[in-house]
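Novice: After the structure tokens below, expect a handful of questions from me.
Any read-out appearing in this document is the output of simple, stated calculations on the displayed coordinates, not a laboratory observation. All values derive from a computational prediction rather than experimental measurement. Every residue, glycine as well, gets a Cβ built from its backbone with ideal geometry; the counts of neighbours run over all protein chains shown.
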Amino acid sequence: MKGKLLVIGFGPGDYKHITERARVAIQESDIIIGYKTYVDLINGLLKGQQIISTGMTEEVSRAQEAVKQAEQGKKIAVISSGDAGVYGMAGLVYEVLIEKGWKKDSGVEVEVIPGISAINSCAALLGAPVMHDACTISLSDHLTPWNLIEKRIEAAAQADFVIALYNPKSGRRTRQIVEAQKILLKYRSPETPVGLVKSAYRDSQNIVMTNLQDMLDHEIGMLTTVLIGNSSTFFYDGLMITPRGYQRKYTLNKAVQSLKPHQRLKKEAEPWALEQTDDVQPKKKDAVSQAVKETPRELAEEALQMITGVSESFSHIVNQTIQSIFELSVSPGVANKKFTPKQMVTLSEIVGEDGVMEYTPEHYIKLQILTSQPKEIVQKLEEANFLISSIGDVLTVKACDFCDGEKKDAIPYAEELYEKLGGMELPKELKLGVNGCGMACYGAVKEDIGLVYRKGAFDLFLGAKTVGRSAHPGQIVAEGIAPEKIVGLVERIVQEYKEKAYPNERFFKFFKRVKQVQGFRHQDITPIIKIEAAVCGE
């Protein structure tokens, strides 16, 4: 039986603004998958379905879990606030499906159910600010390089679009909205009307009318949508309004219009139209003041050249190469911890001034590189003999240096585990630690899966919790595992976690929930913490 994916946009969150199709789709689903806040917003529509919720930045894992469950024959609701196709989950669901070779006619069925996006819901609360050409720009540079976002803001500002800014500011992202304001002020009046709408149609709804110059004086956060007017937008009696046209071809105070419908399309009524070629005023272009007529397209391309310095046609801009942030990590090897001078020079050349290098506790160097050619980057790193690993919710192997290679018996098994499992995509990042002797000084017992080589065999530890007040090492679940069996055993443990864990569920939580993994039973070893009374007795 084929499953079905229902990718649902439920609007701003108020039940009155959820479409009937979205209501029915939510209620007919077997499993609801979404960001926890979104699940809470539709709680009154649920009928006891299984809920899988994750944090704000776990969109990819939600999409992967939805596809996995649908492939098992279930009907899955993937929910987004606003519209699922506007900074929502629709695109990610399709991307995950395509990566798996999905075909529309033979794969799981997908239905995208539209909802009211923030630009529409917020505009309705403000008045009518998007009556003319408008665009949406997300200020989140989590997945999009900031220099590309800057170009989009600049282009929209120059073109006099009404602009809706999504994701304008968060606890860690505070500069983006400041930089956006600076760009906009280069092209627009400080008095340009701006509307700030927080939590449209929810209990905490808040609306502020301000202007471009003063908008940062007000609270702006992730739940705020910033609507910036164009050059003709105005405030009236607490409303923000953009006229339907820059040069009106209608008269509002007369029942009989000065231009009939058939007259409004004539050239004299549309002096800005590209078809206007006969009435363009001559322009003096050279030292001898020779008058030369230009078409509107030529004028537009000349204006583009003045702005960008590009003298070619518009196709040059459309086809420009878009760079993205390529993330990966590198190390000298599974057991080798020594970087060579050549490797460090290679890193410096590849990362450049605009990239980021970050050293991690696992003796990897995490790289963030702005590039349009990731394959070339990988090739250069491989030529420098780097071990390359993926970033994100994948398996990472953390092995000791085996006393600089002197205690070498366990090295082949650590390397084989890396070859077979390193970089495997999982519901949450999973760390596999390997120590080459019973001292376990490299901390394998503190990882999700820990292996300690002792007396010619391996001891197995599962489910460490490394942070928090209830932190604890992994449980020792087996001793003396024969070396030839250890790789296959670990593979089966990881595969069971991959298949049965919830998105964003860490291994120790998974082990505790399912009670048993590959025959190894979970024991609750969470320490009982007694808080001593303060000296003052309070």
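Novice: Mind giving me the nanometre distance, one decimal, between the label points for Gln518 and Asp237, set 7 Å out from Cα along Cα→Cβ?
Specialist: 7.3 nm
Novice: Sticking with this one: Please compute one quarter of the surface area of the Cα convex hull for the stretch 43-181 and express it in square nanometres.
Specialist: If I average the Cα hull's projected area over directions, I get 11.1 nm².
Novice: To continue, here is another question. Using modelled backbone amide H atoms (1.01 Å from N, in-plane), which distant-in-sequence or interchain residues come within less than 5 Å of Asn211's amide H?
Specialist: The answer is Val194.
Novice: Then there is this: Can you pull out the trypsin sites (Lys or Arg not before Pro) in the stretch 18-123 whose DSSP state is coil and whose Cβ has at most 13 other Cβ atoms within 10 Å?
Specialist: Answer in residue order: Lys47, Lys100, Lys103, Lys104.
Novice: Quickly work out the Asn43-to-Lys380 label distance, labels modelled 7 Å from Cα along the C-beta direction, and quote it in nm with one decimal.
Specialist: Here the answer is 5.1 nm between the modelled labels.
Novice: Would you mind calculating the gained length between Lys500 and His218 on full extension (0.36 nm times residue separation, minus the Cα-Cα distance), in nm to one decimal?
Specialist: Difference between extended and current length: 97.0 nm.
Novice: Assign one of three labels to the stretch 1-78, namely rounded, prolate or oblate, based on the Cα gyration tensor with a ≥ b ≥ c the square roots of its eigenvalues; rounded applies when a/c is under 1.5, prolate when it is not and a/b is larger than b/c, and oblate otherwise.
Specialist: Taking the square roots of the gyration eigenvalues as a ≥ b ≥ c, the stretch 1-78 is oblate.
Novice: Between rounded, prolate and oblate, where does the stretch 389-538 land on the alpha carbon gyration tensor, with a ≥ b ≥ c its root eigenvalues, rounded for a/c under 1.5, else prolate if a/b exceeds b/c?
Specialist: Verdict is prolate for the stretch 389-538.
Novice: OK, next. Take the residue pairs Lys103/Lys500; Lys342/Lys366; Lys337/Lys465 and return only those whose Cα atoms are more than 27 Å apart.
Specialist: None, as every Cα separation is 27 Å or less.
Novice: Are there trypsin sites (Lys or Arg not before Pro) in the stretch 442-500 that DSSP puts in a loop and that have at most 12 other Cβ atoms within 10 Å, and which ones?
Specialist: Those satisfying the criteria are Lys455, Arg469.
Novice: Can you tell me the length gained on complete extension of the stretch Leu185 to Glu349, counting 0.36 nm per residue apart and subtracting the Cα distance?
Specialist: That pair, Leu185 and Glu349, stretches by 55.4 nm at full extension.
Novice: Something else now. If amide hydrogens are placed 1.01 Å from N in the peptide plane, which non-local residues have theirs closer than 5 Å to the one on Ile113?
Specialist: Val7, Ile8, Gly9
Novice: Separation of the stretch 419-477 and the stretch 61-102 by C-alpha centroid, Å?
Specialist: With the stretch 419-477 and the stretch 61-102 each reduced to a Cα centre, they are spaced 32 Å.
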